[in-house]
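Colleague: Dropping the structure in here first, questions after.
The values are calculated or read from the model by the stated rules, or taken from the named source; none is laboratory data. This one's a predicted model, so the numbers in the text were calculated from it and none came from an experiment. Positions of Cβ are generated from backbone atoms using ideal geometry, with glycine treated the same way; all protein chains shown enter the neighbour counts. Note: accessible area is taken over every heavy atom of the protein model, side chains too, but ligands, DNA and RNA are not part of it. Shrake-Rupley method; radii C 1.70, N 1.55, O 1.52, S 1.80 Å.
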Amino acid sequence: MKQAQSKKKHIPYPTGPHATGCMELMTEYSEEGCFARIFYPTNIPSDQLDKYSDKWIPWMPNDTYLKAFSNSLNLPLWIFKYIPPVIGLGPYYIPTISDAPLSDKQQSYPLIIFSHGYAATRFVCSAFCNTLASHGFIVAAIEHRDKSSPITYYYDSPESAEQDKPTWVDYRYFEKPDNTDNYLLKNSQMKIRHRECTKLLNTFFSINAGDSVKNVHKSSFDLKQFNGKIDVNKIIMSGFSFGGATSIYNAYHDPRYHVVILIDCWMFPLKSEPFLNVQQPILFINSHTFQFPANLRLTRQYSYSKGIRRVYTLKNTTHESPTDSPSIYGHWLDLQILKKLNHKTSLHLQSSLAIQFLRDTIGFPTNSDNAQIFIKEHSDDFIEDFISYKKIIKRTIGIFPW
């Protein structure tokens, strides 16, 4: 759908028929509570989003996150803070309407729990989550407190929430990515992530049932709008990179999930786990350069397992392509691929493949014609298989590691 161009710099517009709303959900005055950014459909048509650009939300919430990204990447803060404004790169916004009312055009909506990658946050894959919401899904992008995020936070009291004085949870850095200690760390973090996703899903089930849940994060959105609006028979687990492994683990241990969508899944946290016989349909969407042999061996075990399995690889893409960062900072990974697939195209293709798979498996959305058309028009940009990428070049610099 064509959009009038906002003067604000922004990540790509959502491609579905609904303009989306967005709210922050945080439960409990404790690190053990839930924290997620929720995208959802509104009654506003998507081509009207520019009229609400004053209510769009910043992609980077604040300088604390900016500093944390620089620390986790071992790059000077000035690269992020001062160079983008000099060359006209910031700030960027997410084209979604803060705290807008939930659409009342459907009796209920499927729910997607989305798990972010390593050294990432709840907002790194906002374009993907926002687009799914524009097609009629409620999407809860969790921010994990397992110390895999560059930074996150919670409020330890009503007073700290009122005064916006968060308690920060810092990233846990590692130097030897392939050793046994690192595997044990990542495996334990995956299990923390599982508990967090389970708690978030339980919270949504409680809200759906009409239970009172207090949102300790400042928001004008009334959670009662979700009462009876979650289709409990259409719950989807999705994740990017580390979030992909988290999704497999979640789906195996929780039958409430009906479909699994894996975006460039990083299998390392599962490598010494017994094979998890996931019964739900699984969609694998991969980038061209990330499926190195060790990762691919384990990924294939799951793709070849019994059940509905569908595999796509987007040509000339890298591990950063599913995220928002190329729209803001450009492509920095795998520079040997000189001509990468246009980022807006790769995101649109990724979401179209996901929408079509969901239409085929859970029957929602009821109309996926635009997704089918886009997939057909870009059939030369992907293959229905994996690409084993053997040329690994040591990266001495990169913007994001996910």
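Colleague: Could you report the accessible area of Arg256 in Å², rounded to 10, computed with a 1.4 Å probe on the protein chains as they sit in the structure?
Modeller: 60 Å²
Colleague: Taking the Cβ of Phe386 as the center, what net charge do the other residues with Cβ under 15 Å away carry, scoring Lys and Arg +1 and Asp and Glu -1?
Modeller: That sum, taken over residues with Cβ under 15 Å, equals +3.
Colleague: Hey, of (i) 50, 46, 45; (ii) 75, 55, 47; (iii) 84, 40, 38, which did the structure itself give for Cα extents along the principal axes in Å when calculated?
Modeller: It is the one labelled (i).
Colleague: What shape does region 266-402 take by its C-alpha gyration tensor, where a ≥ b ≥ c are the square roots of the eigenvalues and a/c under 1.5 counts as rounded, a/b above b/c as prolate, and the rest as oblate?
Modeller: Taking the square roots of the gyration eigenvalues as a ≥ b ≥ c, region 266-402 is oblate.
Colleague: Determine the order of Asp381, Asp369 by accessible area, beginning with the largest, at a probe radius of 1.4 Å.
Modeller: Most to least solvent-accessible, the answer reads Asp369, Asp381.
Colleague: So, one more: List residues of region 129-173, by number, whose backbone nitrogen lies under 20 Å from a label position 7 Å along Cα→C-beta of Lys214.
Modeller: Only 153-168 fall inside the zone, counting backbone N under 20 Å.
Colleague: Shifting gears a bit: Using a Förster distance of 35 angstrom, determine the FRET efficiency expected from the C-beta separation of Leu75 and Lys105, and round it to 0.05.
Modeller: 0.20
Colleague: Also: By the scheme Lys and Arg +1, Asp and Glu -1, what is the net charge of all other residues having a beta-carbon under 13 Å from that of Arg193?
Modeller: With Lys, Arg at +1 and Asp, Glu at -1, the net is +3.
Colleague: Additional query: At 0.36 nm per residue, and after removing the present C-alpha to C-alpha distance, how many nm does the segment from Trp168 to Lys8 gain when stretched out fully?
Modeller: 54.6 nm
Colleague: What does the charge count near Asp254 come to, summing +1 for each Lys or Arg and -1 for each Asp or Glu among other residues with Cβ under 12 Å from its Cβ?
Modeller: For residues surrounding Asp254, the net value is +3.
Colleague: In region 186-303, carbon and sulfur make up what percent of the accessible area (probe 1.4 Å)?
Modeller: In region 186-303, the share of accessible area belonging to carbon and sulfur is 51 percent.
Colleague: If the cut-off is 17 Å between C-alpha atoms, which aspartates and glutamates fall inside it for Lys7, apart from same-chain ones fewer than 8 positions away?
Modeller: Qualifying aspartates and glutamates at Cα under 17 Å: Asp47, Asp50, Asp54.
Colleague: Over the chain, with a Gaussian network built from C-alpha contacts below 10 Å, which listed residue (Pro269, Pro150, Pro61) shows the highest mean-square fluctuation?
Modeller: The residue that fluctuates most here is Pro61.
Colleague: Label 7 Å along Cα→Cβ of Thr366; region 100-117 residues with amide nitrogen under 14 Å?
Modeller: 105-110
Colleague: Moving to a separate point now. In percent, what relative contact order does the chain have, based on Cα pairs under 8 Å that are 6 or more apart in sequence?
Modeller: 16 percent
Colleague: Just to confirm, what accessible area per residue do you get for the chain at 1.4 Å probe, in whole Å²?
Modeller: Computed with neighbouring chains in place, this is 42 Å² per residue.
Colleague: Next up: Using a Förster distance of 30 angstrom, determine the FRET efficiency expected from the C-beta separation of Ser53 and Lys315, and round it to 0.05.
Modeller: Plugging the Cβ-Cβ distance into 1/(1 + (r/R0)^6) gives 0.35.
Colleague: Turning to a different aspect of this structure: Can you give me the relative contact order of region 237-355 as a percent, contacts being Cα pairs under 8 Å and 6 or more apart?
Modeller: 21 percent
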